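What follows is a short report on a single structure.
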Amino acid sequence: MMISIKELKTIEEMEQVQQLEQRVWGIQPIPTHQTLTAIKNGGIIVGAYDDERLIGFSYGFAGVKDGKSYLCSHMLGIDETYRSQQIGERLKFAQREMAIAKGYDLMIWTYDPLETRNGYLNLTKLNGICDTYIENCYGEMQDGFNKGLPSDRFEVHWYLTSDYVTEQQEPQIEQLQALGEIVMDEQGLPKLHIATLEHITAPAYSLPVPKDFQTLKATSQEHAMHWRLATRNVFETMFAANYAAVRIQKNEQWNDYIFVKKETLALGGN
């Protein structure tokens, strides 16, 4: 199987994106007049093809905040039968090259911090970082992935031309201190026991989170809400103390978020 990657620009390609949106999320797709207007004004849509079939895309539009322009990468979708084949990673790196060519040095996007597959791509594979937490970012969402919980999100910052990204630098994460531990309750389901959120001064910290949040959510909405609110407290505390989430470490039964002081990362003065 040979997957090709290219920038999407035509009406026909925008219609293919619509069809893939419906397959991936089962939602009303973005109108083609909107996506076409975005790409004519600094936006970028990258597509992954298996022969002539679009099987993945990443869509971003131009953004500006506090006088700083960036590419807001709004959607990344992969056909279910093509997941776990590094296609998302390839799409993001292609998007990065195109963004730099258009003059961007920063890309931002959001994801649910409890969806650790996305976190592993965004932080561990791409060297994105997060120090911004948005409570209930999109309001009460009704799709299968998000229904029933506040739509809290991490805002990832990808410093496209920084040494941290271009050299794929490893953050200094020796001597990790655990912020909490997973304990099993009387139902045999995981809950987060927070050790302490006081005197946060160590070089690096870890926080365990469920490995498969969707399965936990399907088993118990109550436990899913526990994890949303308990981790919200930890994440906001860490970001307020000038730490950034920089890695997800995979373990057999859960995954760990890794935090370091943002000032230790070579982000190019940002």
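The values are calculated or read from the model by the stated rules, or taken from the named source; none is laboratory data. Source: prediction; values computed, not measured. Cβ placement follows ideal geometry from the backbone for every residue including glycine, while neighbour counts extend to all protein chains displayed.
Does any residue of the range 126-136 turn out to be out of contact with any Leu (no Cβ under 6 Å at 6 or more places or on another chain), at pLDDT below 95, more than 30 Å from residue 252 (Cβ to Cβ) and acidic (Asp, Glu)? Yes; the residues of the range 126-136 include at least one that is out of contact with any Leu (no Cβ under 6 Å at 6 or more places or on another chain), at pLDDT below 95, more than 30 Å from residue 252 (Cβ to Cβ) and acidic (Asp, Glu).
Looking at this structure, is residue 178 under 25 Å from residue 89 (Cβ atoms) and aliphatic (A, V, I, L, M)? Criteria not met by residue 178. For the range 164-218, taking the residues that are part of a loop (DSSP other than H, G, I, E, B) and among the hydrophobic types (A, V, I, L, M, F, W, C), the one that is surrounded by the fewest Cβ atoms within 10 Å (Cβ to Cβ) is identified as 195. If you go through the range 18-33 one residue at a time, do you hit one that is touching a helix residue (DSSP H, G or I) at 6+ places or on another chain (Cβ under 6 Å), in the same structural domain as residue 157 (by TED's automatic domain parsing), more than 30 Å from residue 167 (Cβ to Cβ) and assigned to a loop (DSSP other than H, G, I, E, B)? The answer is yes; a qualifying residue exists. Set side by side, the residues 48, 62 differ, and just one is in contact with a strand residue (DSSP E or B) (Cβ under 9 Å, 6 or more places away or on another chain), closer than 19 Å to residue 128 by Cα and in a strand (DSSP E or B), which is 62. The one condition from (1) surrounded by fewer than 17 Cβ atoms within 10 Å (Cβ to Cβ); (2) within 21 Å of the chain's Cα centre (by Cα); (3) in a loop (DSSP other than H, G, I, E, B) that residue 225 does not meet is (3).
Within the range 107-126, if we keep just the residues that are among the hydrophobic types (A, V, I, L, M, F, W, C) and outside any helix (DSSP H, G or I), the residue that is farthest from residue 94 (Cα to Cα) turns out to be 114.
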